[in-house]
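Each remark here refers to the structure printed beneath this line.
Read-outs throughout are calculated quantities, based only on the coordinates presented, and are distinct from any laboratory measurement. Owing to the predicted nature of the structure, the values given are computational and were not obtained by experimental measurement. Glycine also receives a Cβ, built like all others from the backbone with ideal geometry; neighbour counts cover every protein chain displayed.
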Amino acid sequence: MRQDTKLQQRALLDNIPDMAWLKDRDCRYLAVNTAYLEILGIPEHAVLGKRPDEIWPAEIAEVYLRTDRAVLKSGRRRRYEETRPDPFGIARWFETIKSPIRDKAGRIIGTVGISRDITERKLAESELIKSRTQLRELSNYLQSVREAERARISRELHDELGQTLTALKMELGWLKDRLPVEPGMLRARLDRLVQIVDHSVTDLQRIASDLRPMILDELGLASAIQWLAQNFSERSSLSIELSFELADVVYSKDVSTAAFRIVQEALTNIARHSGAASARIVARHSGNELELDISDNGRGMDVAGSRREQLGLVGMSERAHMLGGSMEIDSAPGRGTCISVRLPLLTDKVATAAAP
Ligand SMILES: Nc1ncnc2c1ncn2[C@@H]1O[C@H](COP(=O)(O)OP(=O)(O)O)[C@@H](O)[C@H]1O
Ligand SMILES: [Mg+2]
């Protein structure tokens, strides 16, 4: 019967693909499974009755004895991660769980343990963290390239094409002054041409401002947000209230671009999704941070809902993170939405992007 119990115990241990063992109160091995023996590379009889410091290298044995004693003393299960070299000397990660064994009276008579090789999982985890960081850096870089490109095209449209259209209008004016009064049809045609040029100038200014408003670089964030709010109010029926503290602060280009683009996307969302009649933008300084709240009284949204793939909100949050800041969304269906952003003003960028 005793022999049977031993065989059953052995079968149970061997059925576990991870290293498994039983130890007594003195931390001596009572049983180990085949997986354990394969890793140790010594026969069972050389293990049974021994303590960890008799079969493992000193620094590993020290950990095993310490954790065994902690389990024996506390009577509680312990779970920890450890590294250990494989037979080729390459470090591998293990997750080890140790629990106390009690007799019928509840006294602790030993410990049971299991140790799983989690190297693949650890590698996958660090690979995931690495590729996430890379993705974030790449998106940061692409954002700054895109912003620089937009600024360049906007300036070129304004300076080059704008000048050309102005010259064209002057030439048309010159021509009109020298046209004979009759036939009137020619003068009417010229007036029409001047109108077309005027329309083109308006379109050009709108396209250039949409790309990157010059006001942002020339007059700063407060003026640019004011301009943006006015623009939105004109294009939609939204009434926007602005409260801008410390309007004369000069922000770095990174901060003003991020803040401007975040407010722009938030207002676009309000106009597109909220159905709100009014919105409010509050900007204030707290410590070394610029705090922006963009709120509306619209239909709100389910914040925990599936908006992960929706890149507007993700992009806003990424912009804040890129500068070492953060973004929070406070919203619920029927309760309106408030987007709060914090942007540090003086700290170095967390993810540095090589701007062109
Ligand atoms: N101010 C808001 N009011 C109500 N719903 C909003 C608001 N802002 C965002 N949402 C919701 O969150 C979703 C995600 O927004 P966003 O990431 O900007 O993507 P998109 O605007 O392209 O749909 C929107 O589709 C909308 O359902
Ligand atoms: Mg959007």
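Rg then Dmax, both in Å and based on the Cα atoms of the stretch 2-117: 13.8, 45. Both radii were evaluated on the Cα set of the stretch 189-228; the Rg over Rh quotient, with Rh as the Kirkwood radius, amounts to 1.21. Taking the C-alpha atoms only, the angle from helix 162-178 to the longest principal axis of the chain is near 10 degrees. Each part reduced to its alpha carbon centroid, the stretch 261-302 and the stretch 117-158 end up 26 Å apart. Exceedance of the 26 Å cut-off in Cα-Cα distance is limited, within the set LYS23/LYS104; LYS50/LYS98; LYS73/LYS122, to LYS73/LYS122.
For ILE118, the residues whose amide H sits under 5 Å from its own are TRP93, PHE94, GLU95, ignoring neighbours fewer than 5 places away on the same chain, with H placed 1.01 Å from N. When the alpha-carbon atoms of the stretch 215-356 are used, the pair Rg, Dmax equals 14.7, 44 angstrom.
From the Kirkwood radius over Cα pairs of the stretch 133-212, Stokes-Einstein at 10 °C and 1.306 mPa s returns a whole-number translational diffusion coefficient of 105 µm²/s. Extension gain for LEU190 to THR83 (0.36 nm times residue separation, less C-alpha to C-alpha distance): 30.1 nm. Helix 119-156 axis versus longest C-alpha principal axis of the chain: approximately 10°, rounded to the nearest ten.
Comparing LYS253, LYS130, LYS104 in a Gaussian network model of the chain (Cα springs below 10 Å), the most mobile by mean-square fluctuation is LYS104. Here each label is just a point 7 Å from Cα along the line to Cβ, and for LEU135 and THR202 those points are 4.5 nm apart. In the chain, the longest principal axis of the Cα atoms and the axis of helix 253-269 are about 80 degrees apart. Average projection, convex hull of the Cα set of the chain: 31.0 square nanometres. Among LEU13, LEU172, LEU48, the order by Cβ neighbours within 10 angstrom, fewest to most, reads LEU48, LEU172, LEU13.
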